[in-house]
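A short reminder: the numbers here are calculations on the coordinates, not readings from a lab. What you see is a predicted model, and the numbers here were worked out from it, not measured in a lab. Because the Cβ atoms are built from the backbone with ideal geometry, glycine has one as well, and the counts that use them run over all protein chains shown.
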Amino acid sequence: MPYSPEQLEKHQAAMTRGDEVPVTLRMHEGQTSEGTIRIQRLSPEERGKRARKWLITFLVLAPVTVVCPPHFPWPILMTLIAIGGYFLRRGRHELVLGGEAKCPKCGAFQVLEGGNAEFPMAHFCTECGERSLVAPAQEVAAVSAKSA
Ligand SMILES: [Zn+2]
C-alpha cells in the first residue's frame, strides 16, 4: 500500500523539525535496516504546558462523565487519569515527530509514525505487513562501545 500525497506531505513537514536520530529496524528473524527519526526535545516550560493542558481537559470532563452508566466510577476514574497523565507528561522529555526507514524484509520505503519516545517502537510494513522493532542506533552503538 503506497503512501498518499497527503501522508507524504505531512511526513516531509515532520522531517524538517526536531533533531535527526538514526534508528535501526530489527525483525524477529534478525534482519536489520537503517532509518532516521526526528525527535523533539521538550523544554521544562513545554513539558509543563502539555501536562497542564492534559490535567485541565480531564478535570473539566470528569463531572460530565457521571451521566454515563454506571455513573459513580467515572468522575473518580477521570480525576485519576488527569493526575496520572499530568505527572507522566511532565516527566516526558522527548517526542518522536516522525521518521522514515526501509523495511528490513522487502526494502520498501516506510514512513514511521510519531508519538512518545519509548523504544523499541513496533512498526508494521505497509507492503509486506512484517513487524519490526525500531530503536535508536546509538543505543546499540553504546553497548558495543562499552564492551570494546
Ligand atoms: Zn516490508
Worksheet item: Taking one equal scatterer on every alpha-carbon of the chain, how large is log10 of I(q)/I(0) by Debye at q = 0.14, 0.15, 0.17 1/Å?
Response: -0.82, -0.88, -0.97
Worksheet item: Separation between the I83 and T32 pseudo-spin-labels, each 7 Å from Cα along Cα→Cβ, expressed in nm?
Response: 4.4
Worksheet, complete the sentence: Here, GluC sites (Glu not before Pro) of the range 1-38 satisfying both criteria (DSSP loop; at most 10 other Cβ within 10 Å) are E29
Practice prompt. Quick one: net charge around Q40, please, counting Lys, Arg +1 and Asp, Glu -1 for every other residue with C-beta under 13 Å from its C-beta.
Written response: +2
Fill in: Helix 73-90 axis, angle to the chain major axis (alpha carbon atoms, nearest 10°)
50
Fill in: Among S43, S132, S33: highest mean-square fluctuation, GNM of the chain, C-alpha pairs under 10 Å
S43
Fill in: Candidates C68, C125, C106, ranked by Gaussian network fluctuation over the chain, Cα under 10 Å, top entry
C68
